[in-house]
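The values are calculated or read from the model by the stated rules, or taken from the named source; none is laboratory data. Owing to the predicted nature of the structure, the values given are computational and were not obtained by experimental measurement. Ideal geometry is used to build each Cβ from the backbone, glycine not excepted, and the neighbour counts take in all protein chains shown. Just so you know, the surface numbers come from the protein's heavy atoms only, side chains and all, with ligands and any DNA or RNA stripped out. Shrake-Rupley method; radii C 1.70, N 1.55, O 1.52, S 1.80 Å.
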Amino acid sequence: MDMSDVAARGLVLLGCGKMGSAMLAGWLADGLPATSVWVIDPHPSDWVQAQGLHLNAPLPADPAIVLIAVKPQMMGDALPALRALGTGATLFISVAAGTPLARFEEAFGPRTPVVRAMPNTPAAIGQGITALVGNSRVGPDQMALAQALLGAVGQTVLLETEAQMDAVTAVSGSGPAYVFHLIETLAAAGTAQGLPDAIALQLAQATVAGAGALAQQADENPAQLRVNVTSPGGTTQAALAVLMDPDTGFPALLTRAVAAAADRSRELANG
Ligand SMILES: NC(=O)c1ccc[n+]([C@@H]2O[C@H](COP(=O)([O-])OP(=O)(O)OC[C@H]3O[C@@H](n4cnc5c(N)ncnc54)[C@H](OP(=O)(O)O)[C@@H]3O)[C@@H](O)[C@H]2O)c1
């Protein structure tokens, strides 16, 4: 199963809001014909309506892919429309946060191959990262296809177990909010040191974006990059002495923050 099967047999997108539209834009830009796409959404945006795809139309009998991108709380209302496609021949992919594979196996039958994927918000600009895990029915070709489809909005990584999804949620799923808060607080600290608000914010935003890009592209690991810019007795070292304090610095803080998010993810999964 590959992208040519998707073009030939069709892709059904259930829920076309922020995440669904970001993925759809990527697939169309990569050459998937709009006529191979069926979108189900009660209030499609003007952009979706203008794409020339099948909108709220009768579904194909044997689509290659059904991609589920509705909010987890809408799942009960949304899934029955797809029950007839649980034949085993269609690969289901869900990006709904917190909805376990078992929920889809219940809805579509145990023969159904299902991939659960966790993207994050930078997907909106094609710079997301998505972790994927499949049930036992998903073959290597199908997983490769799921990765290619999510690759339209950024990087992808494969997990070994579904239980790892709670940690992914806590690191990359919720992580953009931690970085936004880092930008906010770095800017506020700059203002406290005498900078105008707008300049402090611009400095903080560009520093996080630039350092992030450098950390991705450089051959050195982040620890080495840090050492490279820290002269003994200099300004960076003065700040890092505060940030690397084992009791009050980033290590303790981020360990607690990520653990709190992972714990909450497990709680939500258990109802
Ligand atoms: N946004 C992200 O960065 C992100 C990251 C990770 C995971 N996710 C997951 O992606 C999923 C979608 O999130 P989102 O941010 O894209 O939300 P969203 O913008 O609200 O999109 C959901 C879409 O589904 C539509 N919908 C509601 N009920 C439906 C039904 N019964 N059948 C078909 N479509 C229905 C909604 O229409 P109405 O607006 O008219 O209700 C809306 O257009 C969620 O499960 C979320 O956990 C999102």
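Worth a mention:
- Inter-part distance, the stretch 1-57 to the stretch 229-264, computed on C-alpha centroids, equals 43 Å.
- For the stretch 1-114, convex hull volume per residue from C-alpha positions, Å³: 95
- Phi angles of the stretch 63-73 translate, via the Karplus equation with coefficients 6.51, -1.76, 1.60 and θ = phi - 60°, into HN-Hα couplings of x, 5, 9, 10, 10, 9, 9, 9, 4, x, 6 Hz per residue; Gly and Pro are given as x.
- Converting phi to 3J(HN,Hα) with the Karplus coefficients 6.51, -1.76 and 1.60 and the offset θ = phi - 60°, the stretch 132-148 yields 10, 8, x, 7, 5, 7, 8, x, x, 5, 5, 5, 4, 5, 4, 5, 5 Hz in sequence order, with x at every glycine or proline.
- Across the stretch 154-170, rounded Karplus estimates of 3J(HN,Hα) from the backbone phi angles (6.51 cos²θ - 1.76 cosθ + 1.60, θ = phi - 60°) give x, 7, 9, 9, 9, 9, 8, 9, 5, 4, 5, 4, 5, 5, 4, 4, 6 Hz, Gly and Pro being marked x.
- For the stretch 123-215, diffusion coefficient by Stokes-Einstein and Kirkwood Rh (Cα), 25 °C, 0.890 mPa s, µm²/s: 158
- Label zone of L253 (point 7 Å out along Cα→Cβ, amide N under 19 Å): in the stretch 182-198 this covers 182-194.
- Net charge contributed by nearby residues that have their C-beta within less than 13 Å of V6 (K/R +1, D/E -1): -4
- Alpha-carbon centroid distance for the pair the stretch 69-94 / the stretch 182-200, whole angstrom: 46
- Computed about its Cα centre, the charge dipole of the chain is approximately 320 debye, with only Lys, Arg, Asp and Glu carrying charge at their Cβ.
- Over all projection directions, the Cα-based convex hull of the stretch 54-167 averages an area of 7.1 nm².
- Our helix-only sum for the chain, with -39,500 (n - 2.57) per DSSP H run of n ≥ 4 divided by its residues, gives a mean residue ellipticity at 222 nm of -13500 deg cm²/dmol.
- Rounded accessible area per residue of the stretch 1-76, 1.4 Å, Å²: 46
- Histogram of C-alpha separations across the chain, 10 Å bin width, %: 6, 25, 30, 19, 13, 6, 1
- If the segment from N56 to A211 were pulled out straight at 0.36 nm per residue, it would be longer than the present Cα-Cα gap by 51.4 nm.
- Relative pair counts by distance (%), Cα atoms of the stretch 192-265, 5 Å bins: 3, 13, 12, 18, 25, 18, 8, 2, 0
- Projecting the Cα atoms of A7, Q73, G194 onto the charge dipole of the chain, computed from C-beta unit charges around the Cα centre, puts Q73 farthest toward the positive end.
- Accessible surface ranking that places the most exposed of H43, H54 first, with a 1.4 angstrom probe: H43, H54
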